[in-house]
Structures are given as structure tokens and as C-alpha cells.
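Inspection log for the structure reproduced underneath, given as C-alpha cells.
The values are calculated or read from the model by the stated rules, or taken from the named source; none is laboratory data. Just so you know, these numbers come straight off a predicted model, no measurement behind them. Here the Cβ positions follow ideal geometry from the backbone for every residue, glycine too, while neighbour counts run over all protein chains shown.
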Amino acid sequence: MMNRYIQKRLEIVQENILRSCQKSGRKSDEIKIIAVTKGIGVDQMQEAFSCGLNRFGENRIQEAEQKKISFRKEPIEWHFIGQLQRNKIPKVVEYFQYIHSLDRINQFQTLEKRLEMSNEDCYPVMVQVNLTGKEIQAGLEKQDVVPFLESLHFYRHIRVSGLMTIGPQGSLEEIRRVFRELYQIKEEVESKKYSWISPTLALSMGMSDDYPIAVEEGATYLRLGRCLFGERSY
């Protein structure tokens, strides 16, 4: 029963994505869904996986560690999407294949040291950008993005593969402005052809309330929780 529940919600999401792609001249296979599973039980996650969702997003390391045990034989991509303290970085590298939320040099320093110890190359990360103007929200301000990225050239074990932002709680016009600005930053960065940054940057933007707009404005990763699973248990 629950499997069908998630499947129906996923079909609605996919229809909305397709509609947004048609409006913006995009192909639907350009968009990847990250099922945000924080607070979601393993049973629901297994049902989501059976519906074809194989990217899970978590922001609590201990919770993800427990869940990974249940999926150790499955080809799951684990994405860390929360704020990251430096002392948690070694664990994040151990349990996650992607980090979406870096915005401080000291995070890169700690991550580089950890990756150097294990001789890992090109660990993919995204840099978080704050385009809402709210100081309480994490992320770099627009004018700081390029200088910040330029300062990362000597971290040879890390690969900046994309940019991430969180849409505002505001009008549709304001949401669209934020997502459009992130796309413009992406284009500016790509034009500089930095060797330590992916030539084609991913955009992680769009959540349950605003993902259709994000798709229209160029999102490649959608972080979706409630629209797939309903309200979380906490």
C-alpha cells in the first residue's frame, strides 16, 4: 500500500518536472531527484528505492550511518545536504558520496586533509550560495562566490562539481529570481574555465514547494522530501 502511495506521489512529481521542462525547453533526463530521507524510516526508503529513487539526502550523520547498513548491498548515492561542522567531515566522507553545503575555507582545508590521508581524488562537492539576503541562512553572498572559488585552486583532492541554494519563503517572482541568479553565477564561473572546477556545474536547487520553478530555471538536482513521503515523523 505504501509503495503505491510513494509511487503515486513520484508520478505527480515527474509530471510536474516534465511540464516545467516543456516550458523551458529542457530534457527531463537532465534532472535528478534526491529523495530527502531525514526522519524517514528504512521501510519507506526501501519502498522509494523500489520506485526507482536511488539518491538519498541526509543531514544527520548518525541517522545516515544506521540507514546505510540496510542499503549496503544497493547502488545508492548518498548526498549530505545539511550544515557541516569541521569535526564531522571525516564521517561525512566515509558515509556520503556528495556534499552539497560547503561555504567556508576551513571546511575545504579539513576535507582536503582527510582525503589526502586516504588518497582519494576528485571528491565532488557543491558550494552553497545565499541569494535571499537573509543573514541567518548559510551560504556565500553573490559577490563572494567567484573570489571564493578562485581560492580553491590548490585543493587537488576536491572537485567543485556544482552550486547549491535554498529558495526563499516569498513570492513566486522572488523564488524565480533566486534560482535565476544561481544559474547566472553558474554561467559566469563556467566561462572562466577553472581547471579545479567541473566545466559543467550542477545546480542543486528546488525543494517540495518550489521545484517546478527550479526546473524552469536550470536545476539539475532537486532535493525532495515532503512531496514524496508526506510529513516527516520529526
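Annotations for the structure displayed:
- Failed criterion for Val93 (all others in (1) more than 19 Å from Gly206 (Cβ to Cβ); (2) crowded, with 18+ Cβ neighbours inside 10 Å; (3) touching a strand residue (DSSP E or B) at 6+ places or on another chain (Cβ under 6 Å) hold): (3)
- Scanning the range 194-219 for residues that are under 15 Å from the mean Cα position of the chain (by Cα), of a type outside the set (Gly, Ala, Ser) and under 17 Å from Arg177 (Cα atoms) turns up Leu203, Met205, Met207, Asp210, Tyr211, Val215.
- So Ser28, is it small (Gly, Ala, Ser), under 21 Å from the mean Cα position of the chain (by Cα) and crowded, with 16+ Cβ neighbours inside 10 Å: no
- Output for the range 115-129, where each listed residue is surrounded by fewer than 18 Cβ atoms within 10 Å (Cβ to Cβ) and either of a type in the set (Ser, Thr, Tyr) or in a helix (DSSP H, G or I) (or both): Glu116, Met117, Ser118
- Restricting attention to the range 125-140 and to residues that are touching a residue at least 40 places away in the same chain (Cβ under 8 Å) and touching a strand residue (DSSP E or B) at 6+ places or on another chain (Cβ under 8 Å), the residue that is farthest from Pro168 (Cα to Cα) turns out to be Met126.
- Looking only at residues of the range 21-73 that are in a loop (DSSP other than H, G, I, E, B) and of a type in the set (D, E, K, R), we find that the one that is nearest to Gly218 (Cα to Cα) is Arg26.
- On inspection, Gln66 does not qualify as closer than 21 Å to Tyr123 by Cβ and either at pLDDT 90 or above or not acidic (Asp, Glu) (or both).
- Of residues in the range 132-156 being surrounded by 13 or more Cβ atoms within 10 Å (Cβ to Cβ) and hydroxyl-bearing (Ser, Thr, Tyr), the one modelled with the highest pLDDT: Tyr155
Each row is one residue, and each column tells you yes or no for (1) more than 22 Å from Ile166 (Cα to Cα); (2) free of Cβ contacts under 8 Å to residues at least 40 places away in the same chain; (3) not aromatic (Phe, Trp, Tyr).
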residue: Gln7; (1), (2), (3): yes, no, yes
residue: Lys67; (1), (2), (3): yes, yes, yes
residue: Ile89; (1), (2), (3): no, yes, yes
residue: Tyr95; (1), (2), (3): yes, yes, no
residue: Thr110; (1), (2), (3): yes, yes, yes
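- Residue match in the range 214-226 (condition: over 29 Å from Gln7 (Cβ atoms) and assigned to a helix (DSSP H, G or I)): no
- Look at the range 147-163: where a residue is within 24 Å of Leu222 (Cβ to Cβ) and free of Cβ contacts under 8 Å to residues at least 24 places away in the same chain, no partner that is buried (at least 19 other Cβ atoms within 10 Å of the Cβ) and of a type in the set (D, E, K, R) sits 6+ places away or on another chain with Cβ atoms under 8 Å.
- Residue list for the range 157-188, restricted to those being surrounded by 16 or more Cβ atoms within 10 Å (Cβ to Cβ), in a helix (DSSP H, G or I) and touching a helix residue (DSSP H, G or I) at 6+ places or on another chain (Cβ under 8 Å): Ile175, Arg176, Phe179, Ile185
- If you go through the range 212-223 and keep only what is crowded, with 23+ Cβ neighbours inside 10 Å and among the hydrophobic types (A, V, I, L, M, F, W, C), you end up with Ala214, Val215, Ala219, Leu222.
- Test: residue in the range 189-208 that is in contact (Cβ under 8 Å) with a residue 40 or more places away in the chain, surrounded by fewer than 21 Cβ atoms within 10 Å (Cβ to Cβ), part of a helix (DSSP H, G or I) and of a type in the set (Lys, Arg): yes
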